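Enquirer: Dumping the structure here so I can ask a few things about it.
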Amino acid sequence: MFPTTRLRRLRYQPLVRAMVRETTLDARDFILPFFVRHGQGVKKEITSMPGNYQLSVDRLIEEVGTARELGIHAVILFGIPEHKDAAGSSAYDDHGIVAEAIRGVKKHYKDVLAITDECFCEYTDHGHCGIVNDRTGRLDVDNDATLDILVKQCLAHAKAGADMVAPSGMMDGMVQAIRRGFDDAGFTHLPIMSYSAKYASAFYGPFREAAESPPQFGDRGSYQMDPANSDEALREVELDLQEGADIVMVKPALAYMDIIRRVKNRFGVPLAAYNVSGEFAMVKAAAQRGWIDERKITLEILTSIKRAGADMILTYHAKEAAKWLKG
Ligand code: PBG
């Protein structure tokens, strides 16, 4: 009780303040997303995500090298294919864009983890995250038909040398299907990071420009989660863990800190949070106008995502944050 207890005592001397800090941020916590496309020497800035580019594999290798020098040792790869079709077939081509990107990255950097986003919205002409048909009497993504091609996609990436796959399509049973596919093919050692609680969020806006993946009709409400739900996120995570997920994810991060905390409290398993494109773009836009201090705000956001319970963060701010953390 006051005056014996004075919490300000631990805030008086900055070194003491540092000593009692509960959450720390490190470049090792970050997973940096990249958008890869065919070609040579391509580096095309994404207008709504300053400092992020669509890159050809040769330029990707340079950019991964820069990130690595800053201490970042994990990247997640998104592909923009040369052509799209109804079944997203270039997603599981052994020489598809992501498979080639994995080979490039792993050839140059053994100590950088190549994680792959496993989904079809970038590869389908309709922009949905799987095979669309009207089997149920209405156009919708066919869950089980999509699982078959999802396994093929993951296997193509595993064969190319991916260190981890991250299925993001919110199909029921996706983790089990991939786990079985991997185990049957001898990839028992490859971990799965599941986008377990992925919400149908407007915060993905800039990403859809970056990955050229907006849905051509309707929205993703029949497969991604309703932002109003929280108990359901726990069910999603629980099922993914039962199916064999090694790391689970909550996405987006900022407006979903309560979900991150609930998942951490309930399951205590390795947890990733995706600080998505819209969260990044908002900070950038306000910073460009001089309305906020980008450095302080970004480090505060990333620290808060960890404090909420995330062990690792997928973030477009990874390189800048790593630089700022170095001093
Ligand atoms: C699906 C996918 C999306 C994102 C990551 N994986 C887009 C979507 O579901 O529409 C969004 C990431 C971001 O906004 O930064 N392939």
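Enquirer: Given (1) within 16 Å of the ligand (Cβ to nearest atom); (2) closer than 28 Å to Val64 by Cβ; (3) out of contact with any Ser or Thr (no Cβ under 8 Å at 6 or more places or on another chain), identify the lone condition not met by Tyr256.
Expert: (2)
Enquirer: Note down all Cβ pairs under 8 Å where the first residue falls in the range 200-213 and is more than 12 Å from Cys121 (Cβ to Cβ), the second is of a type in the set (Val, Ile, Thr) and near the ligand (Cβ under 8 Å from one of its atoms), and they're at least six residues apart or on different chains.
Expert: So the pair list comes out as Ser201/Val276; Phe203/Val276.
Enquirer: May I pose another question? Applying the selection to the range 110-154, what residues are among the polar types (S, T, N, Q) and assigned to a strand (DSSP E or B)?
Expert: Thr116, Thr124, Asn133
Enquirer: With the condition kept exactly as written, say whether any residue in the range 156-168 is assigned to a loop (DSSP other than H, G, I, E, B), within 11 Å of the ligand (Cβ to nearest atom) and not polar (S, T, N, Q).
Expert: Of the range 156-168, the ones assigned to a loop (DSSP other than H, G, I, E, B) are 161-163, 168.
Okay, now just the ones that are also within 11 Å of the ligand (Cβ to nearest atom), so 168.
Next, only the ones that are not polar (S, T, N, Q) stay: none.
No: the range 156-168 contains no residue that is assigned to a loop (DSSP other than H, G, I, E, B), within 11 Å of the ligand (Cβ to nearest atom) and not polar (S, T, N, Q).
Enquirer: Could you say whether any residue in the range 219-230 is in a helix (DSSP H, G or I) and of a type in the set (D, E, K, R)? Even if it seems obvious, please write down each step before you answer.
Expert: First, the residues of the range 219-230 that are in a helix (DSSP H, G or I): none.
Within the range 219-230, none of the residues are in a helix (DSSP H, G or I) and of a type in the set (D, E, K, R).
Enquirer: Follow-up. Take Gln216 and decide whether it is within 16 Å of the ligand (Cβ to nearest atom), touching a residue at least 24 places away in the same chain (Cβ under 8 Å) and in contact with a His (Cβ under 6 Å, 6 or more places away or on another chain).
Expert: Answer is yes for this residue.
Enquirer: A further question follows. Provide a single number: the residues in the range 188-199 that are touching a residue at least 60 places away in the same chain (Cβ under 8 Å) and among the hydrophobic types (A, V, I, L, M, F, W, C).
Expert: Qualifying residue count, the range 188-199: 2.
Enquirer: Separate question: Any idea which residue in the range 173-213 is nearest to the ligand (Cβ to nearest atom), counting only those that are among the basic types (Lys, Arg) and under 17 Å from Asn143 (Cβ atoms)?
Expert: So in the range 173-213, the residues among the basic types (Lys, Arg) come out as 179-180, 198, 208.
Filter again for under 17 Å from Asn143 (Cβ atoms), leaving 179-180, 198.
Details: Arg179: 20, Arg180: 22, Lys198: 7 Å.
Residue satisfying both the conditions and the ranking: Lys198.
Enquirer: Can you name every residue in the range 40-80 that is more than 17 Å from the chain's Cα centre (by Cα), more than 19 Å from Gly278 (Cβ to Cβ) and assigned to a loop (DSSP other than H, G, I, E, B)?
Expert: Answer for the range 40-80, where residues must be more than 17 Å from the chain's Cα centre (by Cα), more than 19 Å from Gly278 (Cβ to Cβ) and assigned to a loop (DSSP other than H, G, I, E, B): Gln40, Gly41, Val42, Ser56, Leu70, Gly71.
Enquirer: Continuing with the same structure: Being within 15 Å of the ligand (Cβ to nearest atom) and farther than 20 Å from Ile192 by Cα is the requirement here; does Thr136 meet it? Steps first, please.
Expert: Details: within 15 Å of the ligand (Cβ to nearest atom): no; farther than 20 Å from Ile192 by Cα: yes.
The answer is no for Thr136.
Enquirer: Just to check your reading of the model, which residue among Asp111, Asp117, Asp85, Asp93 is more than 16 Å from the ligand (Cβ to nearest atom), surrounded by 14 or more Cβ atoms within 10 Å (Cβ to Cβ) and of a type in the set (D, E, K, R)? Give the derivation first.
Expert: Details: Asp111 fails: surrounded by 14 or more Cβ atoms within 10 Å (Cβ to Cβ); Asp117 fails: more than 16 Å from the ligand (Cβ to nearest atom); Asp85 fails: surrounded by 14 or more Cβ atoms within 10 Å (Cβ to Cβ).
Testing whether each residue is more than 16 Å from the ligand (Cβ to nearest atom), surrounded by 14 or more Cβ atoms within 10 Å (Cβ to Cβ) and of a type in the set (D, E, K, R) leaves just Asp93.
Enquirer: What number of residues within the range 256-301 satisfy the criterion of being acidic (Asp, Glu) and over 20 Å from Lys323 (Cα atoms)? Please lay out each step first, then the result.
Expert: Here is the first cut: in the range 256-301, the ones acidic (Asp, Glu) are 258, 279, 293-294, 300.
Filter once more, so that each one left must be over 20 Å from Lys323 (Cα atoms): 258.
Counting residues in the range 256-301 that are acidic (Asp, Glu) and over 20 Å from Lys323 (Cα atoms) gives 1.
Enquirer: From Leu147, Leu139, Leu190, which residue is under 19 Å from the mean Cα position of the chain (by Cα) and aliphatic (A, V, I, L, M)?
Expert: Every option except Leu190 fails the conditions.
Enquirer: Condition check: hydrophobic (A, V, I, L, M, F, W, C), more than 11 Å from the ligand (Cβ to nearest atom) and in a helix (DSSP H, G or I). Does Leu234 satisfy that? If you could, list the steps in order and put the result at the bottom.
Expert: Details: hydrophobic (A, V, I, L, M, F, W, C): yes; more than 11 Å from the ligand (Cβ to nearest atom): yes; in a helix (DSSP H, G or I): yes.
It is true that Leu234 is hydrophobic (A, V, I, L, M, F, W, C), more than 11 Å from the ligand (Cβ to nearest atom) and in a helix (DSSP H, G or I).
Enquirer: Taking the options Asp58, Asp29, name whichever one is free of Cβ contacts under 8 Å to residues at least 60 places away in the same chain and among the acidic types (Asp, Glu). First the steps, then the outcome.
Expert: On the way: Asp29 fails: free of Cβ contacts under 8 Å to residues at least 60 places away in the same chain.
Every option except Asp58 fails the conditions.
Any read-out appearing in this document is the output of simple, stated calculations on the displayed coordinates, not a laboratory observation. Treat the numbers as computed from the prediction; the structure is a model and nothing was measured. Backbone-built Cβ (ideal geometry, glycine too); neighbour counts: all protein chains shown.
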